[in-house]
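The values are calculated or read from the model by the stated rules, or taken from the named source; none is laboratory data. Note that this is a predicted model, so its numbers are computed, not measured. Cβ placement follows ideal geometry from the backbone for every residue including glycine, while neighbour counts extend to all protein chains displayed. Remember, those area values only see protein heavy atoms, side chains included, never the ligands or the DNA or RNA. Shrake-Rupley method; radii C 1.70, N 1.55, O 1.52, S 1.80 Å.
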Amino acid sequence: MTTLGLDPEELGRCVQCGLCLPSCPTFRVTGDESQSPRGRIALMRAVEHEGAPLSAPVRRSFETCVQCRGCETACPSGVPFGHLMARTREVIVQSGLSTSRPVRAGYAALGRPRLVRAAVRAAALGQRLHAVPASAGLPPLPLRQAPLRRTGSDAHLFTGCVMDACQRDVHRDTVRVLAAAGFGVEPTGDRVPCCGALHAHAGLGRAARKLAAGAVRALGDGLPVLVNSAGCGAAMKEYGRLLGSDAARELAGRVFDVSEWLAPRMANLPEVRPLDLRVAVQDPCHLRHVQRVHAATRAVLAPFVRELLELDDDGLCCGAGGSYAFFERREARAIRARKLASIARSAPDVVASANPGCSMHLAAAGVPAVHPMTLVARALGAQGGARGAQGAQGRLGS
Amino acid sequence: MTAPAPDGALVRFAREVGATGPVAVEGGRTRWDTGGDPAAGTRLLRAPAGIVEHRPEEMTVRVRAGTAVDELHDELAATGQRTALPRRGGTVGGALAVGENDVCVLGRGRVRDAVLQVRYVSADGVVVTGGGPTVKNVTGYDLPRLLVGSLGTLGLLAEAILRTNPVPAVSRWFRAEGAVPFKAFDALFRPSAVLWNGCTTWVELEGHAADVEAERRALVAATAVAGGWSECDAGPVLPPYRWSLRPSELRRLHEAAPGGPGAAGGAGGPGEAGEAGGHGASIGEPSGLGELVASIGVGTVFSSRPAPPRPPSPALAALAARVKHEFDPGGRLNPGRSVDPAGSVSPR
Amino acid sequence: MRGRPVSADPLVAALCAVLGRDRVRDDAAERALLAHDASVFAGGAAGPVCFPTSTEEVRAVVRIAASHGSAVVPRGAGTGLAGGAIPLGRPVVVVTTKMNRILEVDRDDRIAWVEPGVVNLDLTKHLRPLGFHFAPDPSSQQACTIGGNVANNSGGPHCLAYGVTSQHVLALDVVLPDGEVVRLGGLDAEPPGYDLRGAFIGGEGTLGIATRIAVRITKNPPAVRTLLLAFDSIEEAATVVGRVVAAGIVPAAMEVMDRGITVAVENFVHAGYPVDAGAVLLVEVDGPEAGTALDAERIAEIGRAGGATSVRTAAGEEERALLWRGRKTAFGAVAQIAPSYYLHDTVVPRAALPQVLRAVYEIAERHGLMVVNVFHAGDGNLHPLLLFDPREPGTLARVHAAGREIVEVSLAAGGVLSGEHGVGVEKRDYMPLQFSDVDLDHQNRLRRAFDPACRANPGKVLPSGHSCADIQSLERLPAGVWA
């Protein structure tokens, strides 16, 4: 009989009120209790307290969770769902009931930046040669990327794994915006190959902790760590809980989403003519529901675009979910369809998304998704006569 | 602990009803032939009368079925309150059994929404309580709503607790010739009535004085009629028959009316307006509504001609028959009367 | 059931033949989940779980269940608090969440046709650009479905002025327990015949399954004022509620929360609720501008005269929304105090509120239980939440004993058993406290007319000795349900 080893107090906090249901993307698209936070918690309890087996349907219920944590902001009881689910996933993996060997190898590669970059280049080449079918769901990938240079020592800029390989332009735009505000940054580059977020979501707890520990060691100099990927930032802010060490807590305390850090320093940025764009803000779940700093995105963007638009779906997940869009393709697309409908209703010129996973998932469906930093950089660049920043997907204004 | 037992008057009424023989209750006879006359040989009784308890601070009144509606309204008015029951004579029991709404239903509410509790004498001669005394209640099945409009065919009403409402500070009627009544209705937030007879539109506005004045200005601005709006004492005299239409069907009626957007020429007599009423698809193929007053936003049309019967679907008729059979297996309550299919025909 | 091929159970096989295998679930996990709703009742046991998407499919499921001698229980979002959707005796569970389309909005008729699985708040959001809303707003409105609202004749804070669900439903397409489909009510002014629409609403799934619902849409008020009044005691707050109504004002909503619940709520929403007050009164008035301002002023005056220590008016829509979010998530927020709660839903005359509230606190204290109160004060609808830890042995018995006393006190004050949550399975055995045998027999006659064979949600609403309650026993979770 499997037990999940969950904190009984945390597990007991759910009173089954069901207020989480509409904020759960999988419940929204299936209407199925077993695909809801309340249902998943009930199944965790059944496994933990009633001896229910980790049967295929029970595992399926856990595996279809995007781990967006939208249920946490909806929950008046304060159930720490993300932690319960991460722990549950880890036990499933440890029990040998999930995650095939090739998948594990894939995750292991994320800690090896050169391997990631090589894979992305191969895929990009495949796209140019039309060898990668559109059904693969990949956005256009860059073939070649110039290295990022250090511009100062006010803060670290966390560059990450997939994002650095796919969207280094966003890093470049971020560096440019920070420079305009008078701050120089040190890109973390290969010193911190990966934050471990995807591993933690997949139940690969040991790998996640190893990567986190590496980051804590590499970034021990007390400088702020700026992150422009919402998923990475959320994971790094939770290092304290993940590793339980003082050093981890100390690092977590100086991790900031780049907009969160910039918002109180906006006076440093020059006043420029706003871009003539109507921009819908898509809140990455880990920015809105985990870091809860999504207001900063608006504060940073507002002076630089003609109009900011809110989506009408109360921050419901887009279905990207890190690697979720790859492994649960059907669910991810069904969830994305709701987001696309919401975007269509607000009819923006572009969609601003502060998370590479979200923007790639949306771009793969034809949405002109750009990072907020890219928009700010473009507004600043256009004013200064420099080259206008290009979106990661290169669709700006097209 | 169950609700207070029925008082002596109700018990006596139940004894009179007894358990055998055809029986019906006579009120003010203002709607006596609704649903057909009771069969010959039916014993006629009167329900007990009297206002048992008016609790202004709870906004409820417990009243016996034989009480005159006018008496009830007078009692309520003394404390600045009113109910949804239409003030057109008759008894409380009769008004509930027929279930017609007041012509100003938008302001006063629907009759069936005002009934909190009913006490009726069943076919086997016992007093039954449905619903409860409080302004909000979902305990058990909604027998009060079932009884309202059932013409005494499921049980004979003896007493009811009704919801009351404060009388608004100000009530004013306005009328105008040639106004598009739908524009008036759409421009207003919560009119108590918008009535139209083919050429004249009447509007009742209620509430705080300042709000009524603001609404009046909105009305004038939205309709822009040549003669303007003038204040009047009351709404129109209503033709005797009630047709039940969808509010949207009235719009089609208006479009086809003489003087309406679909017709050339000026305002015609109201008598002709009905000839275009054949659009009311849900009411079959009426030969016409004749002289009419239509309640905009509600769908009731008061007409000089009776509405055609609207037979229910076989499945619905079967369900209704099962309900009747459960409550009155011997068919002794108001025999000869039926809520179907002539329910929409009620001579005034 | 696990591991057995689908075809082994002829009922499941027949259901799969109509809905396909992916919309019929018969695994132990799914059935265990659907044995619960948001109440604490733990004796449910679900049979096969179906996800139909049309009236025709619901009709087919109902007919198949009938032909296999199985009962049927409809379920929406499972946010009910009285166990109305809890399956007893392994019936077929018909989940309506996939029937979630808003089919039509007609501004001339001021109605919307919706499927039963449409979420209450989703409809209101859909109507917002048109300037309308769906008036019933139960606290669970962000999650609960319109079908569930119909089943329970749901209320909500704003039904004080606007009325409960029955006032906002004009017509329904219903699959009767024998598989016949009927349209109850109509869009016209006064549909002929018995008001079977009114009789059906609040039937808690025992009269059939609504598959299409025509709801009234209500114009959004031009002006809204939301006031938050603080008091030293809950009795003072309750007394002011009575005085407001006695003054001839009918606010859109009047809600009271005691200190215990206010602290928990504030901890979640950070709306600036005064956590040091003995109780808070949230009042909303709406309508045309001038009268709304006038009413708000008079309420503030009545409040101050009644001992309000502070009166705050929400500055804008954001503050108003935050205050309401606090009120509407109150039940969930109590989990910060104790892991479980049991609540009653009695209604008492407004004048009796202070006295009944005192009794409620006294009862809880005598049973060694913590109680917090958050309720629809405007219509006297109490929601005393008894807080407890189910892991403590013997607690549940004390909770039930205290609950029964609260019901008795409420009824003795001239009240009723349920204001908006319904009877379900939680309160059905209290029914004889409010109704005589004859009254209950007549309610059963209505039920029998709709469901002569006791196929629809058996074991609910009416107590044993009446109707279908007899054929069901309420056992603990059957042993080996996971095997």
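I need the per residue convex hull volume for the protein assembly as shown, using only the alpha carbons, in cubic angstrom as a whole number.
Details: hull volume 226.3 nm³, N = 1229.
Normalising the Cα hull of the protein assembly as shown by residue number yields 184 Å³.
Rounded to whole numbers, the Karplus 3J(HN,Hα) couplings from phi for segment C:209-217 are 10, 6, 10, 9, 10, 9, 9, 6, 9 Hz, using 6.51 cos²θ - 1.76 cosθ + 1.60 with θ = phi - 60°, and x at Gly and Pro. Relative contact order for segment A:271-384: 34 percent, from Cα pairs under 8 Å spaced at least 6 residues apart, divided by residue count.
So, with a 1.4 angstrom probe, what is the percent of accessible area on chain A that is carbon and sulfur?
Working: 8140 of 15240 Å².
That fraction is 53 percent.
By the beta carbon rule, with partners counted only under 4.7 Å, chain A holds these lone Cys residues: A:CYS14, A:CYS17, A:CYS24, A:CYS65, A:CYS75, A:CYS166, A:CYS318, A:CYS358. Per residue of B:243-254, other chain Cβ atoms within 10 Å of the residue Cβ number 4 on average.
Return the tail of the calculated pair distribution for chain C, meaning the percent of Cα-Cα pairs more than 40 Å apart.
Values: 24167 of 116403 pairs.
Here the tail beyond 40 Å accounts for 21 percent of pairs.
Within 10 Å of each Cβ of A:26-37, how many other protein chain Cβ atoms are there on average?
Working: counts 0, 3, 4, 1, 4, 12, 10, 14, 8, 0, 5, 0.
Partner-chain Cβ atoms within 10 Å, mean over residues of A:26-37: 5.
Beyond 24 Å, the tail of the calculated P(r) for segment C:63-166 holds 28 percent of the Cα pairs. Treating r as the C-beta distance of A:VAL132 and A:ALA341 and R0 as 22 Å, the FRET efficiency rounds to 0.20.
Shielding of C:423-434 by partners, i.e. mean partner chain Cβ atoms within 10 Å per residue? If you can, show how the numbers build up before the last one.
On the way: counts 4, 0, 0, 0, 2, 1, 0, 2, 3, 2, 4, 8.
Per residue, the average neighbour count from other chains is 2.
Once both labels are positioned 7 Å from their Cα atoms along Cα-to-Cβ, the gap between C:ALA42 and A:ASP221 label points is 5.7 nm. Full extension of the chain segment joining A:GLU271 with A:ALA299 gains 8.7 nm, where the gain is 0.36 nm per residue of separation less the Cα-Cα distance.
Does segment C:428-471 classify as rounded, prolate or oblate by the C-alpha gyration tensor (a ≥ b ≥ c root eigenvalues; a/c under 1.5 gives rounded; else a/b over b/c gives prolate, otherwise oblate)? Don't jump to the answer; show the numbers that get you there.
Numbers: a/c = 2.38, a/b = 1.43, b/c = 1.66.
Judged from the Cα gyration tensor, segment C:428-471 comes out oblate (a/c at least 1.5, b/c at or above a/b).
Apply 1/(1 + (r/R0)^6) to the Cβ-Cβ distance of C:GLU104 and A:ALA56, taking R0 = 35 Å, and write down the FRET efficiency to the nearest 0.05.
Numbers: r = 41 Å, r/R0 = 1.16.
Here the calculated transfer efficiency is 0.30.
In chain A, inverting the average of 1/r over every pair of distinct C-alpha atoms gives 21.4 Å as the Kirkwood radius.
Dividing the Cα radius of gyration of chain B by its Kirkwood radius returns 1.00 for Rg/Rh.
When the convex hull of its Cα atoms is viewed from all sides, segment A:344-384 shows a mean projected area of 3.1 nm².
Between C:THR309 and A:ALA108, the simple spin-label model (points 7 angstrom out along Cα→Cβ) gives 6.4 nm. Maximal additional length on extending the A:PHE327-A:SER95 stretch stands at 81.6 nm, based on 0.36 nm per residue less the C-alpha distance.
Relative to the present Cα-Cα distance, how much length would full extension add between C:ARG298 and C:ALA17 at 0.36 nm per residue of separation?
Gain on extension, C:ARG298 to C:ALA17, equals 94.8 nm.
Assuming a viscosity of 1.306 mPa s and a temperature of 10 °C, what translational diffusion coefficient in µm² per second does Stokes-Einstein assign to segment A:61-204, Rh being the Kirkwood radius over Cα pairs? Rounded to a whole number, D works out at 89 µm²/s.
Set the Cα radius of gyration of segment C:338-412 against 2.2 N^0.38 Å, with N its number of residues, and you get 1.05. Annotation for segment C:267-318 versus segment C:169-210: alpha-carbon center distance of 39 Å.
At a threshold of 8 angstrom on Cα-Cα distance, excluding pairs fewer than six apart, so keeping six or more, what relative contact order does chain B reach in percent? Mind showing how you got there, number by number?
Details: 803 pairs, mean separation 65.2, N = 348.
That works out to 19 percent.
Separation of segment C:77-147 and segment B:182-248 by C-alpha centroid, Å? Their Cα centres are 33 Å away from one another.
Of the beta bridges in the protein assembly as shown, as assigned by DSSP with both residues counted there, near 75 percent are antiparallel.
For segment C:102-219, the pair-distance distribution built from all alpha carbon pairs, in bins 5 Å wide starting at 0, is 2, 13, 24, 26, 20, 10, 4, 1, 0 percent.
Report Rg(Cα)/(2.2 N^0.38 Å) for segment C:291-396, keeping two decimals.
1.30
Between 0 and 90 degrees, the angle of helix A:205-218 with respect to the longest Cα principal axis of chain A falls at about 40 degrees. So if the hydrodynamic radius of segment B:176-238 is defined as the Kirkwood radius over C-alpha pairs, what does Stokes-Einstein give as its diffusion coefficient at 20 °C and 1.002 mPa s, in µm² per second? The calculation lands on 183 µm²/s. With no solvent and one point per C-alpha, what does the Debye sum give as log10 I(q)/I(0) for segment A:8-94 at q = 0.14, 0.18, 0.26 Å⁻¹? Result of the Debye calculation: -0.41, -0.70, -1.53. The residues of segment A:46-71 listed by number as losing at least 20 Å² of accessible area in the complex, against the isolated chain and with a 1.4 Å probe, are A:GLU50, A:ALA52, A:PRO53, A:SER55, A:PRO57.
So, R0 is 56 Å and r is the distance between the beta-carbons of A:ARG278 and C:ARG404; what FRET efficiency does that work out to, to 0.05? Write out the running numbers ahead of the final one.
Details: r = 60 Å, r/R0 = 1.07.
After rounding, the FRET efficiency stands at 0.40.
Relative to the longest principal axis of the Cα atoms of chain C, the long axis of helix C:353-366 lies at roughly 70 degrees.
How large is the helix-only mean residue ellipticity at 222 nm for chain B, computed as the sum of -39500 (n - 2.57) over DSSP H runs with n ≥ 4, divided by its residue count, in deg cm²/dmol to the nearest 500?
Values: 11 runs with 89 residues, N = 348.
-7000 deg cm²/dmol, from helical runs alone.
Buried surface for the B/C pair, taken as the accessible area of each chain alone minus that of the pair with a 1.4 Å probe, is close to 6700 Å² in total. Peptides B:132-140, C:58-66, B:184-192, C:314-322 ranked from most to least packed give B:132-140, C:58-66, B:184-192, C:314-322, packing being the mean of other C-beta atoms within 10 angstrom over each peptide's residues.
Across segment C:6-95, what fraction of all alpha-carbon pairs, as a whole percent, falls in each successive 10 Å bin from zero upward? Spelled out per bin, shortest first, that is 19, 53, 25, 3. 3J(HN,Hα) along segment A:167-181, derived from phi through the Karplus expression 6.51 cos²θ - 1.76 cosθ + 1.60 where θ = phi - 60°, amounts to 10, 5, 4, 5, 4, 4, 5, 4, 4, 5, 5, 5, 5, 4, 8 Hz, with x in place of Gly and Pro. Remark: C-alpha extents of segment C:223-332 on the principal axes read 35, 29, 20 Å, sorted largest to smallest. Going by a ≥ b ≥ c, the root eigenvalues of the Cα gyration tensor, does segment C:341-474 fall in the rounded group (a/c under 1.5), the prolate group (a/b larger than b/c) or the oblate group? Taking the square roots of the gyration eigenvalues as a ≥ b ≥ c, segment C:341-474 is oblate.
Against chain C, whose longest principal axis is taken from its Cα atoms, helix C:234-246 shows a tilt of about 90°. If you take the Cα centroid of segment A:9-74 and the Cα centroid of segment A:302-374, the two points sit 24 Å apart. Pairs of Cα atoms nearer than 8 Å and 6+ residues apart set the relative contact order; for chain C it is 16 percent.
Distance between the pseudo-spin-label points of B:ALA222 and B:THR20 (7 Å out from Cα toward the beta carbon): 6.2 nm.
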